[in-house]
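Novice: Take this structure, written in structure tokens, and hold onto it; I'll ask about it next.
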């Protein structure tokens, strides 16, 4: 039923309208004058809508491994949070938590690496300062940048990058504690990008293991997004509650979850999917180690 204030065309896409919402783009057809309270109303409305979908998605993600992927593949998508926003939200919360409370045991530095003389114990229980010998001082002395460039025969275009790495090594030589903290901050800043790059790699692994199941790579990528979202959720719970007590159970929880998810999504016998889950976790652990090493190498000049 038409109303006197209803326009004939949508103000957004200019399509003919016959009601309060445009059938082409979904926008309201009656646009009133913008007021300040409209911002708060829109935020609360979207938050309440997202909150329902978020809890529904998280509950299905945890309670029925692999079912959220099947729901999206079946076309039932409006009731759940989209896979990439779900992954990014949990990833953002996890890395913010890591940035606020970084693990102190990530770097175990020895005081002897600073170049200072280490105290030596005497028979009376007192400590005396041990003077470094000339041989150890010459051995620990860092070569100059020019000497390293001559030894390594670096091309001209690589010399600026080599200079940055040389300065980073000097920082570790002079003050390893401060340098390690800067390196940790730089690694945590780049770690979300490395973690996201591992998602398509995991999808390649599942695609190769289940190539007979006639599923496209996009479906495997969707499954990898939901699986990594669950991993981030468990890390949030463990890191926020009791990391020392619950961390040893992470491997078994991920193995059981992955086995259940693989069987729900691809079928097959339990023991076969358990072996495939172990293989996937081993391959992913190798990829994670390579990604971490590459991240450290990239982040080193940032200190």
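Each reported figure results from applying straightforward, stated rules to the coordinates on display, with no laboratory input. Note that the structure is a prediction, hence the values are computed from the model and not measured. So basically every Cβ, Gly included, is an ideal-geometry build from the backbone, and we count neighbours across all protein chains shown.
Novice: Sorted by packing (mean other beta-carbon atoms within 10 Å per residue), highest first, where do 179-188, 273-282, 233-242, 207-216 land?
Specialist: Per-residue mean Cβ counts within 10 Å order the peptides as 179-188, 273-282, 233-242, 207-216.
Novice: Arranged by the count of other C-beta atoms within 10 angstrom, fewest first, what order do 260, 73 take?
Specialist: Result, fewest neighbours first: 73, 260.
Novice: Within a 10 angstrom radius of the beta carbon, how do 230, 18 rank from fewest other beta carbons to most? Before the final figure, lay out each step's value.
Specialist: Details: 230 23, 18 12.
Result, fewest neighbours first: 18, 230.
Novice: Follow-up question, since we're still on this one. Of 57, 32, how do they rank once you tally other Cβ atoms within 10 Å and put the fewest first?
Specialist: Details: 57 22, 32 8.
In increasing order of surrounding Cβ atoms, one gets 32, 57.
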